[in-house]
Amino acid sequence: MKPIQAGLLGIGTVGSGVFNVLSRNQEEIQRRAGRGIAITMVADLDTARAQAVVGDKARVVADAREIIRNPDIDIVIELIGGYGIARQLVMEAIEAGKHVVTANKALLAVHGTEIFEAAQRRGVMVAFEAAVAGGIPIIKALREGLTANRIEWIAGIINGTTNFILSEMRDKGLDFDVVLKEAQRLGYAEADPTFDIEGVDAAHKATIMSAIAFGVPVQFDKAYVEGITKLGAQDIRYAEQLGYRIKLLGITKRTPAGIELRVHPSLVPAKRLIANVEGAMNAVLVQADAVGTTLYYGKGAGSEPTASAVIADLVDITRLHTVDAANRVPHLAFQPDQMSSVPVLPMSEVVTSYYLRLRVADEAGVLAKVTGLLAESGISVDAMLQREAGEGEKQTDLIILTHNVREGTMDAVLAKMQALPTVLAPIVRIRKEELA
Ligand code: HSE
C-alpha cells in the first residue's frame, strides 16, 4: 500500500526531530502502523535550512498553503506554534479535510473548542500528544489508558524550564534572577522566558489535561496562573527544613462545587516521588478511583522526545483514518455531546493548605497575635518554625504551615495579619499540596 502522506509546517528543532526519527525507525514504525508514513512536503520560511534537513526526501516550499491545497497530502503537521498564523493554517487544513497533528498547547488551550468542533464537523482527527509534557504519552494515558476511571485530580511538573530553575535554586542556594541568567546562557531558558517563568506554558498544558480528565471544554481563561519569579531562595531553604520541596505544579481537581484549574509554586512533601523530579524533567501524577495513583515521568521538551509524541499521533491517524469518524477516540476523551458544563472554580473557592513567611518584630505577644488571627478564622496550624534571631537583631522570620482552608478565608486573614504593626514586610504565601 502507498504510504500515507504528511506535510510538515515549520521545520525547527521538533520538525527536524520528526524527520530524523521517522527516517531512522521507518521500518518498525511501518510494522506498527500497517502502512508507511512519508513526509513528502515541508513548508518553512527558511527554505535553505529546511532543504538542508530534508535533503531530497521531501519537497520544500515557503508557502504552507501549497501543502494544505495538495490533494495527495492526508495529514498536516503543525509545528509553527503560537495563536496567529498557526491557528489560521490549522483551521484551513481542517476545512480542506486534512487530519492535523500539532504540538501547539497555546493554540489548543485557547482555541481548542473552535478547532475540535471544526474537526468534528469535517470528520478529521486533530492529534496533540506532543502538546503536553513533550515525550511523555500523558494524553494517551488520560484519554485511553485510564478510560475506566473517574479521575479525581492531576498534579504535574509540566514545565522543564522552571523545574530546572527551581532545582538550581535549591542545589546552589541562589536567587531566581541569578539562576534564570545561567539557564539562558546554557540554553535551558528562552531569550524571552516569560511564558515559562510566569506559569503560562504550564497553564496551557494543565488546561488541556483538565478538559480530557473531566470532559469539560478547554478554558484557559479560567485558569489561575502564578509563576516562580517572586520565589526567594530563603523560602526554598525553609521549606526544606520543614520536609518540603517547592515545585511549580499544574493542578486540576474535581470537587463537589466545580473544577480547580491552577498553576502556582507549591510545597510538596520531599518524600513524594514527584518532589524528586529534578532539572528539566517533567512528571505528571494522576489520582483516579480504580487504579489509584499513577506517575508518568520523562522529557517534556527537546527534538526527539517531542518527535516521539508527534510520530505516535501520525501512527494513530494512519491506523484510524479509514475508521468511521463516530467510532474514533474522541478528541477530549468524552463524546462531544457528553461534555460537562461544571464550572471552573475561582481561586477564592479553592481549598488548600499554606506556607506563610512573616518578617516580624522579635518581641512578646507577636506569635500570639498572629496565631490568634488564624484561630479566629478556624485555620489550624500544622507546623511552625522560627528563625533564631541573630545577636542584637530585633526581627526574625516566622514560618507557619497551615491545614486546609478556603483561599478566600486565607486572603482575609492575611490582610489582617499584614496590618499588624509588628509584621514588618510583605507576607510570603505559598500554597502547599500533600498529594497523598
Ligand atoms: N518551554 C517548555 C518547557 C517546553 O520549558 O517545558 C515546551 O512546552
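No lab work stands behind these numbers, since they all come straight from the coordinates. Model, not experiment: these values are computed from the prediction. We place every Cβ from the backbone using ideal geometry, glycine too, and count neighbours over all the protein chains shown.
Kindly work out what percent of the DSSP beta bridges joining two residues of the chain are antiparallel, to the nearest 5. Could the numbers behind the result be given before it?
Numbers: 50 of 74 bridges.
Among the beta bridges of the chain, antiparallel pairing accounts for roughly 70 percent.
If the Kirkwood radius is taken over C-alpha pairs of region 349-432, then at 10 °C and 1.306 mPa s the Stokes-Einstein diffusion coefficient equals 123 µm²/s.
Using R₀ = 25 Å, calculate the FRET efficiency as 1/(1 + (r/R₀)^6) where r is the Cβ-Cβ separation of residue 348 and residue 194; round to 0.05.
Values: r = 26 Å, r/R0 = 1.03.
Once rounded, the FRET efficiency stands at 0.45.
Semi-axis lengths, largest first, of the ellipsoid equivalent to region 299-405 are 55, 22, 8 Å, with √(5λ) applied to each eigenvalue of the Cα gyration tensor. All alpha carbon pair distances within region 43-202 were sorted into 10 Å bins beginning at 0; the resulting P(r) in whole percents reads 9, 28, 31, 23, 8, 1. Would you list the P(r) distribution for region 105-152, with all Cα-Cα distances sorted into 5 Å bins from 0 and each bin expressed as a whole %? For region 105-152, the pair-distance distribution reads 5, 18, 21, 22, 25, 9, 0. A convex hull fitted to the Cα coordinates of region 138-299 yields 113 cubic angstrom per residue.
In this structure the amide hydrogen of residue 77, modeled in the peptide plane, comes within under 5 Å of the amide hydrogens of 7, 8, 9, 101, none closer than 5 places in sequence on its chain. Rounded to the nearest 500, the helix-only mean residue ellipticity at 222 nm of the chain stands at -11000 deg cm²/dmol, with each DSSP H run of n ≥ 4 adding -39,500 (n - 2.57).
Summary of packing: across the peptides 131-139, 82-90, 171-179, the per-residue average of other C-beta atoms within 10 Å ranks them, highest first, as 131-139, 82-90, 171-179.
Normalise the Cα radius of gyration of the chain by 2.2 N^0.38 Å (N = residues in it) and let me know the number.
On the way: Rg = 24.1 Å, N = 436, 2.2 N^0.38 = 22.2 Å.
Against the empirical 2.2 N^0.38 Å value, I get 1.09 for the chain.
Here the mean projected area of the convex hull built on the C-alpha positions of region 276-342 is 7.3 nm².
Put in order of Cβ neighbour count within 10 Å, fewest first, the listed residues 74, 313, 46 become 46, 74, 313.
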